[in-house]
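Engineer: The structure follows.
The values are calculated or read from the model by the stated rules, or taken from the named source; none is laboratory data. What you are looking at is a predicted structure, and each value in this text was computed from that prediction instead of being measured. Virtual Cβ from ideal backbone geometry, glycine too; neighbours counted across all protein chains shown. The protein model used for the area step is the full one, side chains on, heavy atoms only, and it has no ligands, DNA or RNA in it. Shrake-Rupley method; radii C 1.70, N 1.55, O 1.52, S 1.80 Å.
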Amino acid sequence: MNQTKTTHKTRPWRGKALLMAWSIMAALALVSGSAQAQLAGTDTAVGDDCSAFAAGTTRLTSVPGIDVTAATLICDGSVWQKVSKKIQYDSAACTGALEAAIRYNSGTSSIEICDGTAWRPVTSITGDGSPSNFSDEAGYFVITDGTWDGDLATASGATGGIEGANQLCFTDLTNNDWMGKTDATTRGIFTEDNVRAFLCDKDDCNGALPATTYYFAVSGDNTLGGAHFITNSNGYGPGNNQNWSGTNYFGGVKEFWSNRKNEDTQLWNNNPLDDFKRNRCEYSPGWTSINTDNAGSIGITNNTEDERWDDGTGYCHVPRHLVCFVHPY
């Protein structure tokens with residue numbers, strides 16, 4: 001009798017399928033575990049030795065859940081430190097290559113930005129509007145709306161430059177509104193005799209009155225101004241390091257003719273700069289020329305020291321503002 005022999009054929013695909021399934025499961029487990037894994041060994045921490053590395057070398061820590069800045073350490077040449085978020089002082093001269101760079105000046109306690117030519121303090125912006133009260137014994141310190149080249153005599157029709165500047169001031173302040181004009185008019189102090197340019201020629205300077213309060217104002221915009229300073233017993237001001245470009249001062253970065261020396265970084269005085277025609281657009285009496293060989297001493301509002309009224313010289317053919325006193329008596 002013949003017996004039937006049952007045989008089981010091997011199916012190679014079934015074994016391969018099982019092997020593939022196990023491989024996929026193992027890979028998934030590995031990926032899942034890696035998502036929670038931390039660096040092995042001792043991680044770098046603040047204060048750890050880094051003397052084997054150059055100063056400025058950076059290293060990322062393995063601390064999870066924080067941004068790159070917080071996880072970055074920097075070597076100071078000795079130990080690992082947190083990356084400082086402070087703005088550091090940069091002693092490099094401001095040039096076009098550094099334009100828009102920012103630094104902290106500990107000498108003046110201010111943040112400065114490079115405008116491509118010089119480091120300028122960054123100023124705060126204050127609210128607009130008139131001060132609630134003006135002193136009955138105060139005067140005004142007003143920057144003109146108009147600008148003029150260095151021949152102030154011709155621009156005004158006067159014989160001398162400083163006399164011409166006085167006339168230009170009075171005309172500009174008469175033709176424009178400015179913060180405090182109504183008060184000055186009501187008090188009877190807005191007169192041609194009381195308006196004088198903040199300017200020096202070869203021999204003389206128009207000075208402020210001693211121990212007197214002056215309010216800042218901007219001819220042509222009565223929403224700007226309102227800050228004030230008080231002169232000392234010699235009539236020197238402003239006695240502080242406030243930037244003059246804020247909205248409660250002169251409302252922007254502006255250049256004006258000056259030719260005035262300083263007593264120190266906080267005070268001007270009533271002496272012209274050195275006897276040199278390049279300080280006043282001609283030798284004598286001054287402010288009578290637009291010759292490109294000459295220059296005139298200028299102030300720039302966006303400063304905190306004596307550069308506010310003595311920031312070097314500018315070409316005489318370039319129009320600039322005047323700053324004008326309105327004396328209270």
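Engineer: Does the stretch 255-270 hold any residues that are open to solvent by 40 Å² or more (accessible area, probe 1.4 Å) and under 25 Å from Pro319 (Cα atoms), and which are they?
Structural biologist: Those that are open to solvent by 40 Å² or more (accessible area, probe 1.4 Å) and under 25 Å from Pro319 (Cα atoms): Glu255, Lys261, Asn262, Asn270.
Engineer: Just a yes or no: is a residue in the stretch 199-215 among the aromatic types (Phe, Trp, Tyr) and farther than 21 Å from Glu137 by Cβ?
Structural biologist: no
Engineer: Here are some residues: Asp193, Asp145. Which one is part of a loop (DSSP other than H, G, I, E, B), open to solvent by 60 Å² or more (accessible area, probe 1.4 Å) and touching a residue at least 40 places away in the same chain (Cβ under 8 Å)?
Structural biologist: One residue alone meets the criteria, Asp145.
Engineer: Also, quick follow-up: Assess whether Ala27 counts as being open to solvent by less than 60 Å² (accessible area, probe 1.4 Å), at pLDDT below 80 and more than 30 Å from Asn240 (Cα to Cα).
Structural biologist: Numbers: open to solvent by less than 60 Å² (accessible area, probe 1.4 Å): yes; at pLDDT below 80: yes; more than 30 Å from Asn240 (Cα to Cα): yes.
Yes.
Engineer: Report, ordered by the first and then the second residue, all pairs with beta carbons closer than 7 Å, sequence separation of six or more or different chains, a first member in the stretch 168-179 that is farther than 22 Å from Gly150 by Cα, and a second member that is open to solvent by less than 70 Å² (accessible area, probe 1.4 Å) and of a type in the set (A, V, I, L, M).
Structural biologist: Trp178/Val142; Trp178/Ala217; Trp178/Val218; Met179/Ala217; Met179/Leu224
Engineer: Which condition does Glu305 not pass, out of (1) buried (at least 18 other Cβ atoms within 10 Å of the Cβ); (2) closer than 25 Å to Thr247 by Cα, if it passes all the others?
Structural biologist: (1)
Engineer: Say we look at the stretch 196-228 and pick out the residues that are in a loop (DSSP other than H, G, I, E, B), touching a helix residue (DSSP H, G or I) at 6+ places or on another chain (Cβ under 9 Å) and open to solvent by less than 10 Å² (accessible area, probe 1.4 Å); which of these is nearest to Gly286 (Cα to Cα)?
Structural biologist: It comes out as Leu199.
Engineer: Out of curiosity, is Gly129 modelled with pLDDT under 75, on the phi > 0 side of the Ramachandran plot and open to solvent by 80 Å² or more (accessible area, probe 1.4 Å)?
Structural biologist: Answer is no for this residue.
Engineer: Turning to a different aspect of this structure: Could you check Thr231 against (1) surrounded by fewer than 17 Cβ atoms within 10 Å (Cβ to Cβ); (2) in contact (Cβ under 8 Å) with a residue 12 or more places away in the chain and say which number it fails?
Structural biologist: (1)
Engineer: In the stretch 304-329, which residues are of a type in the set (A, V, I, L, M) and either closer than 16 Å to Thr147 by Cβ or at pLDDT below 95 (or both)? Lay out the reasoning, then the answer.
Structural biologist: First, the residues of the stretch 304-329 that are of a type in the set (A, V, I, L, M): 318, 322-323, 326.
If the condition is that a residue be of a type in the set (A, V, I, L, M) and either closer than 16 Å to Thr147 by Cβ or at pLDDT below 95 (or both), then Val318, Leu322, Val323 are the ones that fit.
Engineer: Can you name the condition, by its number, that Ser297 falls short on among (1) among the polar types (S, T, N, Q); (2) surrounded by fewer than 23 Cβ atoms within 10 Å (Cβ to Cβ); (3) not in a loop (DSSP other than H, G, I, E, B)?
Structural biologist: Ser297 satisfies every listed condition except (2).
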